[in-house]
Every structure is written in C-alpha cells, then in structure tokens.
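Each value in this text was obtained by applying a stated rule to the coordinates, not by laboratory testing. Predicted model, so just to flag it, every value in this text is computed and none were measured. Positions of Cβ are generated from backbone atoms using ideal geometry, with glycine treated the same way; all protein chains shown enter the neighbour counts.
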C-alpha cells in the first residue's frame, strides 16, 4: 500500500504544478490546494466512517471507499434501493467530515488514477473470494 500511496502522491504533485490544474471549475475538488491527505481520503473505507447500519446499506450496493460514494450525486444516492433518509443524512455528514460531498468531481487525471487503482483493488478482492 505504501508504494501505491507514494505513486499516487507523485502523480498528484506533478499534476498540481501543471497548467491543467488551473483549469478546473469551482465545483471540483480544490486544485492545487488539495492536500495529499485529502486525495488519499478517497481510499478511506466506508466502514470506518459510517454506522454499522449505514455501512451495511452501502456495502450491499457495492460501495467500499469514500471516493466511490463521493462521486455519486445526491439524486443517484437517493435513488439507491433501500436508501433510508437517516442513512442519507449520515452519509452526507460523514463525507463532509472527510472533506468531500456527494457529487464531488475529480480532475480527469486523478479520476483516471483512482479508477485504475480501484479496478486493481476489485480484481484482487475477486481473486481472494475464489
């Protein structure tokens, strides 16, 4: 995990100093002011921030990390099967505590890195289940 974090930090630093980092909308994750901890927060496990009831509801829908959930809009999360209003409030509060909100838009570079690493993580998880 340390190598993965170091590589992610290296790419984030490279991006944050590039011209492209200044082209993002106000509604995106703040660049270049985002901290390493903020980006690494995408990998925070939902089980560590949600109540057992909230985590069970979200996990059953396939979400495991803050980054996966934060990229969903409020409307998408409301529409999830079995989503109760109290769980939605908890999700919003806890994402906010982590520095995110529903509907977070990641920069294209960070999204590409995150999605690629998430695919690798899911692949490893699937192999462990077998």
Simple SL model, points at 7 angstrom along Cα→Cβ for residue 59 and residue 120; separation in nm is 2.5
Here the convex hull volume per residue of segment 38-130, taken over Cα atoms and given in Å³, is 97
Footprinting proxy, 117, 76: sorted fewest to most Cβ within 10 Å, the residues are 76, 117
By Cβ neighbour count within 10 Å, fewest first, 65, 100 rank 65, 100
Rounded to one decimal in nm, the spacing of the 7 Å Cα→Cβ label points at residue 3 and residue 84 is 4.3
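Using the number of other C-beta atoms within 10 angstrom as an exposure proxy, rank 109, 3 with the fewest first.
On the way: 109 17, 3 7.
Sorted ascending by nearby Cβ count, the order is 3, 109.
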Length gained if residue 51 through residue 74 is fully extended, taking 0.36 nm per residue and subtracting the Cα-Cα distance, is 6.4 nm
